[in-house]
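First comes the structure, then the notes that go with it.
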Amino acid sequence: MPAPLLYEYAIIRVVPRVEREEFLNAGVVLYCRQQRSLLVRTWLDEQRLLALAPDSQASEIREYLESFERICRGEQEGGPIARMDAASRFRWLTAVRSTIIQTSRVHPGLCMQPAQTLEKLFQQMVLPTAR
């Protein structure tokens, strides 16, 4: 049986009014060094966004999230940061900043399949729970 893989992840947050420090979870970014993989999944809950900040522009925030994804995936359109190796991109994306798109602290874990772990974290931390 293969050994578990060490991974690191952070929750992607939308902070529509930085001065209020209120946020909503909008995605997960996961890095696995052994597989040299950097994975991301995002989703913007527009109803919650408008509840936090009625004057928010959802289309603009979606563009920011798409840019985050392009950098994560190493796409040419992601600019110079996207051309860095996966570890450097992960560290850059998860650096502390005071902007509309932020991440939580980085958390470690062990898994067998990083893509499945990303999906599980996304389901638990981002998608609304059934009431």
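The values are calculated or read from the model by the stated rules, or taken from the named source; none is laboratory data. Treat the numbers as computed from the prediction; the structure is a model and nothing was measured. Ideal geometry is used to build each Cβ from the backbone, glycine not excepted, and the neighbour counts take in all protein chains shown.
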Discussion item. I want to confirm something. Restricting to the stretch 83-99 and keeping residues that are under 26 Å from E19 (Cα atoms), among the hydrophobic types (A, V, I, L, M, F, W, C) and modelled with pLDDT of 95 or more, which single residue is surrounded by the fewest Cβ atoms within 10 Å (Cβ to Cβ)?
Written reply: A95
Worksheet item: Taking the stretch 21-41, which residues are more than 13 Å from Q116 (Cα to Cα), in contact (Cβ under 8 Å) with a residue 24 or more places away in the chain and of a type in the set (D, E, K, R)?
Response: E22, R33, R36
Fill in: Extreme residue, farthest from R17 (Cα to Cα), among residues of the stretch 116-131 that are surrounded by 14 or more Cβ atoms within 10 Å (Cβ to Cβ) and not charged (D, E, K, R)
T117
Item to complete: Tally the residues that are of a type in the set (A, V, I, L, M, F, W, C), out of contact with any Pro (no Cβ under 9 Å at 6 or more places or on another chain) and either within 28 Å of R36 (Cβ to Cβ) or crowded, with 17+ Cβ neighbours inside 10 Å (or both), restricting the search to the stretch 50-82.
Response: 6
Item to complete: Restricting attention to the stretch 106-122, report how many residues are within 26 Å of V96 (Cβ to Cβ) and in a helix (DSSP H, G or I).
Response: 6
